[in-house]
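Read through the structure below, which is laid out as structure tokens, and then see the notes.
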Amino acid sequence: MAFEVPDLPYAYDALEPYIDETTMHLHHDKHHQAYVDKANAALEGTEWADRSVEDVLTNLSSLPGDKQTAVRNNAGGHYNHSLFWKMMAPNAGGDPTGDIAAAISDTFGSCDDFKAQFKAAGANRFGSGWAWLVKDSSGLAVVSTPNQDSPLSDGSAPLLGVDVWEHAYYLKYQNKRPEYLDAFWNVVNWDYVNELYAAA
Ligand code: MN3
């Protein structure tokens, strides 16, 4: 089945004032839809057309050579954004909870040290991309990916990600990406991060 943009799990204005309603409309309805449309177009007629997005992204090098870039960018965009909507929630945010809280403290020393590292990964990503908390074979790590590359394609399980493409923040924060990254902590859905951590 072709990929589809999932509905937002909350209203478009639910993340105000941290993430504005206009950005959510454009980001979800236009940007995410474009990734879905282009991923479907790239996969159409190939044996990968009915595979899950996770399957496609973990096997990029097995795809037809002339499809790999389009799929990396657009199936990656679909997957990353599908996670991103669920990684945020209204009436959420604050410090980590549950098992991930202990794992973060063990790995990074403290929640504040983790937040500083995650923010730096997002602020220092040159151009467009993402900052992530991932689980790989050695444990938790903060990484950054360019464009729409997914941690999945590097063999890591994404647990929390923040989109630092300008389309994610420019209407409200203009050039102040670090302010957007600070605001992001107010909408992090730690329940979902814990779900991903348990499944990783
Ligand atoms: Mn985006």
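The values are calculated or read from the model by the stated rules, or taken from the named source; none is laboratory data. Model, not experiment: these values are computed from the prediction. All Cβ positions, even for glycine, are placed from backbone atoms using ideal geometry, and neighbour counts span all protein chains on display.
Some values worked out for this structure:
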| item | result |
| --- | --- |
| Selected residue (criterion: surrounded by the fewest Cβ atoms within 10 Å (Cβ to Cβ)) from residues of segment 143-176 that are charged (D, E, K, R) and touching a residue at least 24 places away in the same chain (Cβ under 8 Å) | Glu166 |
| Cross-chain or 6+ apart pairs with Cβ under 6 Å, segment 69-85 first and within 11 Å of the ligand (Cβ to nearest atom), then part of a helix (DSSP H, G or I) and modelled with pLDDT of 95 or more | Gly77/Tyr35; His78/Tyr35; His78/Val36; His78/Ala39; His78/Val53; His81/His32 |
| The listed residue being among the charged types (D, E, K, R) and modelled with pLDDT under 95, out of Asp113, Asp149, Asp50, Asp99 | Asp50 |
| Any helices (runs of 4 or more DSSP H) falling wholly within segment 109-200 and containing at least 3 residues that are within 16 Å of the ligand (Cβ to nearest atom) and either touching a Gly at 6+ places or on another chain (Cβ under 9 Å) or not polar (S, T, N, Q) (or both) | 170-173, 177-184 |
| Residues of segment 9-38 satisfying the condition of being aliphatic (A, V, I, L, M) and surrounded by fewer than 18 Cβ atoms within 10 Å (Cβ to Cβ) | Ala11, Ala14, Leu26, Ala34 |
| Given (1) buried (at least 18 other Cβ atoms within 10 Å of the Cβ); (2) away from the ligand (no atom under 16 Å from the Cβ); (3) farther than 20 Å from Gly155 by Cα; (4) among the aliphatic types (A, V, I, L, M), number of the condition Ala101 does not satisfy | (1) |
| Lone unmet requirement of (1) under 15 Å from the mean Cα position of the chain (by Cα); (2) at positive phi for Gln174 | (1) |
| Selection status of Gly93, within 18 Å of Asn189 (Cα to Cα), under 17 Å from the mean Cα position of the chain (by Cα), surrounded by fewer than 18 Cβ atoms within 10 Å (Cβ to Cβ) and not polar (S, T, N, Q) | yes |
